[in-house]
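> Have a look at this one.
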């Protein structure tokens, strides 16, 4: 971890103290603590951006609703149809999208930090494919193509994660091994899912296709309410896991000396990431690249010394909110949010790879 020494941080000149470069020491009487000012500023800026995206998303529509009518519907003063469209359909969909994005962002942050690799995200290592396969399996033999219960997503994600961990020999520091095994498992599960769908009737295949590319269409408080309660439980646990993962950035011996139970922390962190990704995929479908991009952007904003759990949640929510709003206005027919994120995700992935090589080269020259 990148730390700097401040000789004036200890009262009375008792000795130097080590303070992260993105934090400052705040003292209240006899108490003192580190205030991560860079992370706090990033969180405030992202919150403002998120509020703007929510406002734009409330007005974004492919139906051509006027701005004034949208405002009236938002405050319940318009006609009944307008109020119903805005308050019962558009706002719940925006809220669900933000929560799905936050869950994917946190899941990506945890898996990237755990594996020590920015490419090790749920949509790369097989977790998302497992969740997708479980939901798709629920429509096999159906004549309507209606998707099954959203909670099948977490079950499929858990099954895929267990398979990846067993094949990789554990969830330890072998980030590249987990990544390669995850890609293999993801490919196999995806191929089996495609094979199953190719043998279904047109109604079933057509009904499932929109969801499999990642879509928030038709999502309301029937799925948003349980998702909210799940996040209220999992997000605090993810914050605790982030604090433990911060110590894992040292070597294992140092982390153990600091009181970290390595096996338990890694297992619980992976379980949290799988649960968050599985719930997100079960509700919004396998929306690509959000889990990859959100932690990378959040880390750039908040600095390298912390695990950006909150920042990743805010960035993930902003990405989903912006992509969903964009998909509703750039074409006469709504474009699923997963298509928008995939189009943007390809160039972003290249940027991550090339930026990584550049930084490595720079460090080598130094």
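The values are calculated or read from the model by the stated rules, or taken from the named source; none is laboratory data. Source: prediction; values computed, not measured. Cβ sites come from the backbone with ideal geometry, for glycine too, and all protein chains shown count toward neighbours.
> Do we have any residue at all in the stretch 88-97 that's at pLDDT 85 or above, part of a helix (DSSP H, G or I) and closer than 22 Å to residue 187 by Cα?
no
> Can you confirm whether the stretch 298-314 contains a residue that is within 19 Å of residue 153 (Cα to Cα) and outside any loop (DSSP other than H, G, I, E, B)?
No: zero hits.
> Now for a different question. Checking the structure you have, find out if any residue of the stretch 262-278 is under 29 Å from residue 326 (Cβ atoms) and either surrounded by fewer than 17 Cβ atoms within 10 Å (Cβ to Cβ) or without any contact (Cβ under 8 Å) to a residue 24 or more places away in the chain (or both).
So far as the stretch 262-278 goes, no, none of its residues is under 29 Å from residue 326 (Cβ atoms) and either surrounded by fewer than 17 Cβ atoms within 10 Å (Cβ to Cβ) or without any contact (Cβ under 8 Å) to a residue 24 or more places away in the chain (or both).
> May I pose another question? List, please: which pairs have Cβ atoms under 9 Å, are six or more places apart or on different chains, and start with a residue in the stretch 30-42 that is farther than 13 Å from residue 306 by Cβ and end with one that is modelled with pLDDT of 70 or more and surrounded by fewer than 13 Cβ atoms within 10 Å (Cβ to Cβ)?
Partner pairs satisfying both residue conditions: 32/26; 33/26; 33/27.
> For residue 331, are the conditions met, namely being in a helix (DSSP H, G or I), more than 15 Å from the chain's Cα centre (by Cα) and at pLDDT below 90?
Working: in a helix (DSSP H, G or I): no; more than 15 Å from the chain's Cα centre (by Cα): yes; at pLDDT below 90: yes.
It is false that residue 331 is in a helix (DSSP H, G or I), more than 15 Å from the chain's Cα centre (by Cα) and at pLDDT below 90.
> Residue 218 is checked against (1) loosely packed, with under 15 Cβ neighbours inside 10 Å; (2) within 27 Å of residue 149 (Cα to Cα); (3) at pLDDT 85 or above and fails just one. What number does that condition carry?
Checking residue 218 against (1) loosely packed, with under 15 Cβ neighbours inside 10 Å; (2) within 27 Å of residue 149 (Cα to Cα); (3) at pLDDT 85 or above, the one that fails is (3).
> Give just the number: which of (1) under 30 Å from residue 163 (Cα atoms); (2) under 19 Å from the mean Cα position of the chain (by Cα); (3) buried (at least 21 other Cβ atoms within 10 Å of the Cβ) does residue 94 not satisfy?
(1)
> For the stretch 31-51, enumerate the residues that are surrounded by 17 or more Cβ atoms within 10 Å (Cβ to Cβ) and not in a helix (DSSP H, G or I).
Within the stretch 31-51, the subset surrounded by 17 or more Cβ atoms within 10 Å (Cβ to Cβ) is 36, 38-39, 42-43, 46, 50.
Hit for the stretch 31-51 is 36, nothing else.
> Which is modelled with pLDDT under 80, surrounded by fewer than 21 Cβ atoms within 10 Å (Cβ to Cβ) and part of a helix (DSSP H, G or I), of 170, 207, 145, 184?
Within the list 170, 207, 145, 184, the selection yields 207.
> Also: All but one of (1) farther than 27 Å from residue 328 by Cα; (2) touching a residue at least 24 places away in the same chain (Cβ under 8 Å); (3) not assigned by TED's automatic domain parsing to the domain that holds residue 243 hold for residue 88; which doesn't?
Looking at each condition in turn, residue 88 falls short on (1).
> A follow-up question, please. Among the residues in the stretch 22-30, are any surrounded by 13 or more Cβ atoms within 10 Å (Cβ to Cβ), farther than 23 Å from residue 294 by Cβ and either modelled with pLDDT under 80 or in the same structural domain as residue 307 (by TED's automatic domain parsing) (or both)?
Yes, the stretch 22-30 has at least one match.
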